[in-house]
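Working notes, beginning with the structure itself.
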Amino acid sequence: MCAPPPSAAADPLPFPFPFLFPSNGSVFVGILQVSLSLEAARSLKDKRRVVKGIVDRVRARFNVSAAEVDALDQWKSAGLGFAAVSNEARHVRGLLQQVLNHLGNHPEARLVDHQLEVL
């Protein structure tokens, strides 16, 4: 005879890695949006070369997500977005502030405007 199916009231199996999701942990998401002026760009190809270099360098150096999000067809300006996640708001804000400082020192792109928000 076959065993009866398990009861629906039975406790679910515990998550195999409870240390990955502590019950008291908080998640903070930081978003940085920047507007850049690319005065030396003479074409969309020039712009894309500069933007790709910035995005690749920032991703590698600061371990954040990055993408071109605005002014896609304007060759003298670029809108970039950066995001970071951490369990400490202070860490997220500091990391994105470092990204902002790095962008402010870029030789081919002038920082025009920015918005930093931590959720």
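The values are calculated or read from the model by the stated rules, or taken from the named source; none is laboratory data. This structure is a prediction, so every number in the text was calculated from the model and none was measured. A quick note on method: Cβ atoms are made from the backbone with ideal geometry, for glycine too, and the neighbour counts reach across all protein chains shown.
What the table below lists for this structure:
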{"item": "Qualifying residue in the range 78-96 (condition: in contact (Cβ under 8 Å) with a residue 24 or more places away in the chain and farther than 26 Å from Leu119 by Cα)", "result": "no"}
{"item": "Qualifying residue in the range 72-83 (condition: assigned to a strand (DSSP E or B) and acidic (Asp, Glu))", "result": "no"}
{"item": "Only listed residue being of a type in the set (Gly, Ala, Ser) and more than 18 Å from Arg93 (Cβ to Cβ), chosen from Gly79, Gly30", "result": "Gly79"}
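Matching residues to (1) at pLDDT below 95; (2) within 20 Å of the chain's Cα centre (by Cα); (3) in a loop (DSSP other than H, G, I, E, B):
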position	(1), (2), (3)
Ala3	yes, no, yes
Asn24	yes, no, yes
Ala40	yes, no, yes
Lys47	yes, no, no
Glu68	yes, yes, no
